[in-house]
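The values are calculated or read from the model by the stated rules, or taken from the named source; none is laboratory data. Everything numeric here is computed off the predicted structure, so don't read it as measured data. With ideal geometry, Cβ positions are generated from the backbone for all residues, glycine too; neighbour counts draw on all protein chains shown.
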2 protein chains.
Amino acid sequence: MEMSNEQIHAVISDSLAGYSYLQSLTPTERAGLMYAVADEIEALDDTLLQTAHRETALPLPRLQGEKGRTVNQWRSYAAALKTGLYAEARIDRGDGAAKADIRKYNKGIGPVAVFGASNFPFAFSTAGGDTASAIAAGCPVVYKEHPGHPATSRLMADAIQRGLAKFGAPKTVFGYLQGSTNAVGEALVVHPVIKAVAFTGSFRGGKALFDLGMSRTEPIPVFAEMGSVNPVIALPVYLQEHAAVLAAQYVGSLTLGVGQFCTNPGLLIVVKGEATTSLKEALRLEIQKVGDATMLHAGICKAYLEGKTTLAAQEHVSLLGEGAPGNGTTAGAAIYATSGRALLQNEVLAHEVFGPTGLLIECDSMNELYDVVRSLDGQLTITLAATAAEAQQNMALLQAAQEKCGRLLFQGMPTGVEVVYGMHHGGPFPATTDSRFTSVGPDAVKRFLRPLSFQNWPDALLPAELQEGNPLKIGRIVDNVYTVN
Amino acid sequence: MEMSNEQIHAVISDSLAGYSYLQSLTPTERAGLMYAVADEIEALDDTLLQTAHRETALPLPRLQGEKGRTVNQWRSYAAALKTGLYAEARIDRGDGAAKADIRKYNKGIGPVAVFGASNFPFAFSTAGGDTASAIAAGCPVVYKEHPGHPATSRLMADAIQRGLAKFGAPKTVFGYLQGSTNAVGEALVVHPVIKAVAFTGSFRGGKALFDLGMSRTEPIPVFAEMGSVNPVIALPVYLQEHAAVLAAQYVGSLTLGVGQFCTNPGLLIVVKGEATTSLKEALRLEIQKVGDATMLHAGICKAYLEGKTTLAAQEHVSLLGEGAPGNGTTAGAAIYATSGRALLQNEVLAHEVFGPTGLLIECDSMNELYDVVRSLDGQLTITLAATAAEAQQNMALLQAAQEKCGRLLFQGMPTGVEVVYGMHHGGPFPATTDSRFTSVGPDAVKRFLRPLSFQNWPDALLPAELQEGNPLKIGRIVDNVYTVN
């Protein structure tokens, strides 16, 4: 059922009441609200998993794990909130005369529009990290239902509402927009009440929302995480010793979840040599073991098959190995091979093919490998498969890689994005529209805050974060010194 | 002399070398570089002041003070940098198995384009806060010379270069673009090497640069501080007791520096009543004392006179009082009066007139005053002239004001922007293009940083900020706990 324009407008406008309510809570109280929501999500039964399984084809154990991750996001962001970290309170007491008393903290920016991802129906959707971090920041959310999993979205939305009700919060803290058309999302982004947008999905979708947000009379921050090819760079000495292990790890990561992760390692970059022959053979053997599988929905599968066909048709690209072929509605895994020179001359080779297809890039020399890395677009992750000594000897490569990504791995594989303070899930454009913010980990809260200074205010009228007695016992910079007293 | 396109391109491209250099320094070393630059600015003699005075008509004592402020910016941002605050180091050690070791810190985003302001030839220009905070962040600067004070700009640029040379840093840390045309600035903003833009000036100029930055293939952050009308809201009880004091303060702030401050209080909002009669009389007497004065340059004076004429010509606007009339090349101060209803019906009344012209808005009721506040555009500052009891009784007004500004004052006047941690010099659009960042105070550094995570790296290859032994002795969040060990 599509909502009328009036209904859409009403839901968005009502979020202002939710904003006023959230602003009236202390961080500790907001954390309490978040725990209440987390409990309701945790309490959802098998119906949720079955519904999501039916809508997304994701396996039940994976969905069970993702549900736990989602609950953990609400709880860990709430815990971070309680520390007062995100208030970033700064107090300059002045001198009672010419030098003013100036105190600053961060407050929620206003209502946030959230768009869910097809590949994470829980953790990056209705009650996902964007919603949890916006509410942690004191911002109500208006969520646009994802057409790939509407029934799942509604079960989650109901759980959020139950949590809000139990805590005593108004419904307007979380608004829900039904509708399968782009027009609903566009109406949301351009609405003057909305002050920020969070999105996880394709480059095309994310960039369109970004452009829309920037074209408003009042431009607003648009955080779009749009994926990347997450290159793995394997250096010669490491490769010589670990070709078989690397091949197994790479194919495992490439085909995990039918390759439907933002951090899926689409490129494997090496220098041609003795070791690459065994690497190629190992990759061929590993990929052969992979069965075909159902993707999230027919549209994604179609796009995958087209992307694979486009890649295979490029000059200087050959098939290295493949798994069980798909039947037209399932996806078959594959690894192609090309040269460093070909990649440098044809940007299509570095485009993301969303799904279980990888591309091995054999460079003629370390110099060419450096050039390949310098030619890369912005990435969520880059992985260096090297010995410590090799990494040490290639500090310039490390520097170049740092400029191109948000997370740099030493060995291992990039899939698996932990919900911790240290995580940066983001990266230079076009991986995201704003390299300065993460969408995973408590720091995701920072996206929805803005500072406000109070000059010469009576103590009783200041927010608790800034009162002289520090009632919340949070860390603050007072007269240039960090203090928790 | 205009630079050729080749020369412009070369200066911008060279900043990459400056970036590599800055990235190779620890925060403590970057602070040392900043102290060296500060010393060279401090050592500039009377020639600087005379040159700036000739180019901007600003009085010598004001310029002397602004020079001190500029030196202080370099030194205080350097001191803040040394604390490690801006690294925002987070360490999650993992479990040595499935749970990875993930460490994150902030690094410089890349070369930054800086555009100076006409009204602050030192503190918001060549060696101003934008340049100081970019370099503190580890980002080289390419500065576009301001056409209003090119000779001053070059003296400052030379001082920066002397500081860099003394420290042993390459010239490429600070690039300088000559040229009076917009084309030079445009070439700078669209250059792929540039990763952020800082600007202080008019709405038209700032918004044009913002749109240019967003239209790039790779959009980049554009921080434009575009000024505002900084409303002062005087409540009845306060007004009854302090009409004369408030009038003197208001006219003093309105005409300070010929009204050429971003925080100039263009609007004075009151509820019509007994006290407003004496306020009006006091304002009339105060403004009469103000002499005419020379503005920064002929273009600004012309725009001021046009703005004043436009305001005076609006329906329901009357002249309340004025100072010595200008002679066509000087600016005369004036205060106009209108009603709350007129302001609500005619947005022109709330537009900034850059210069010493104010507008008194008499509302019919507190309700109308609330409506006026809710109708305001985003502001750098809002000031509440009220007793503590009145403020307490009008919390909804305080809430509404908070949504509209970056700094909220209790009594006093908004001119005077202190360089302290607690300062937020910014505010919702159209005061700035990004309400989340300040351009004054050490936190200005945050504009030019982005996070980078390191996963499972050998300790020796990590940046000092993230090494296990914490060699920089900075505050970090380690396994969820803030620690300085």
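For this structure, a couple of remarks:
- Pairs linking a residue in the stretch A:71-88 that is within 13 Å of another protein chain (Cβ to nearest Cβ) and touching a residue at least 12 places away in the same chain (Cβ under 8 Å) to a residue that is of a type in the set (S, T, N, Q) and not in a helix (DSSP H, G or I), with Cβ atoms under 8 Å and 6 or more positions apart or on different chains, are A:ALA79/B:ASN480; A:TYR86/A:ASN106; A:ALA87/A:ASN106; A:GLU88/A:ASN106.
- When A:GLY116 is tested against the conditions (1) crowded, with 24+ Cβ neighbours inside 10 Å; (2) under 22 Å from A:GLY201 (Cβ atoms); (3) at pLDDT 95 or above, the lone failure is (3).
- Any hit, the stretch A:261-276, residues being over 21 Å from A:ILE233 (Cα atoms), assigned to a helix (DSSP H, G or I) and at pLDDT below 95: no
- Yes/no for B:GLY427 being under 23 Å from B:PHE124 (Cβ atoms), buried (at least 21 other Cβ atoms within 10 Å of the Cβ), modelled with pLDDT of 95 or more and not assigned by TED's automatic domain parsing to the domain that holds B:ALA98: yes
- The stretch A:13-32 residues that are assigned by TED's automatic domain parsing to the domain that holds A:PHE167, paired with ones that are small (Gly, Ala, Ser) and assigned to a helix (DSSP H, G or I) (beta carbon under 6 Å, 6 or more apart): A:THR26/A:ALA464; A:ALA31/A:ALA78
- Only one of A:GLY148, A:GLY110 that is within 14 Å of another protein chain (Cβ to nearest Cβ) and not charged (D, E, K, R): A:GLY110
- Subset of the stretch A:95-107 that is at the interface with chain B (Cβ under 8 Å from one of its Cβ atoms) and out of contact with any Phe, Trp or Tyr (no Cβ under 9 Å at 6 or more places or on another chain) - its residue that is surrounded by the most Cβ atoms within 10 Å (Cβ to Cβ): A:ALA100
- Among residues of the stretch A:438-485, those that are more than 8 Å from chain B (Cβ to nearest Cβ), in contact with a strand residue (DSSP E or B) (Cβ under 7 Å, 6 or more places away or on another chain) and in a loop (DSSP other than H, G, I, E, B), counted: 5
- Filter result for the condition that a residue is more than 24 Å from B:GLY257 (Cβ to Cβ), surrounded by 20 or more Cβ atoms within 10 Å (Cβ to Cβ) and not hydroxyl-bearing (Ser, Thr, Tyr), over B:GLY321, B:GLY340: B:GLY340
- Residue among A:ALA17, A:ALA89, A:ALA38, A:ALA57 that alone is over 27 Å from A:GLU186 (Cβ atoms) and surrounded by fewer than 23 Cβ atoms within 10 Å (Cβ to Cβ): A:ALA57
- In the stretch A:222-260, the residues that are outside any helix (DSSP H, G or I) and either in contact with a Lys or Arg (Cβ under 6 Å, 6 or more places away or on another chain) or among the hydroxyl-bearing types (Ser, Thr, Tyr) (or both): A:PHE223, A:SER228
- Residue within the stretch A:304-314 that is in a loop (DSSP other than H, G, I, E, B), out of contact with any Phe, Trp or Tyr (no Cβ under 7 Å at 6 or more places or on another chain) and either outside the structural domain of A:THR383 (by TED's automatic domain parsing) or farther than 27 Å from A:LEU384 by Cα (or both) present: yes
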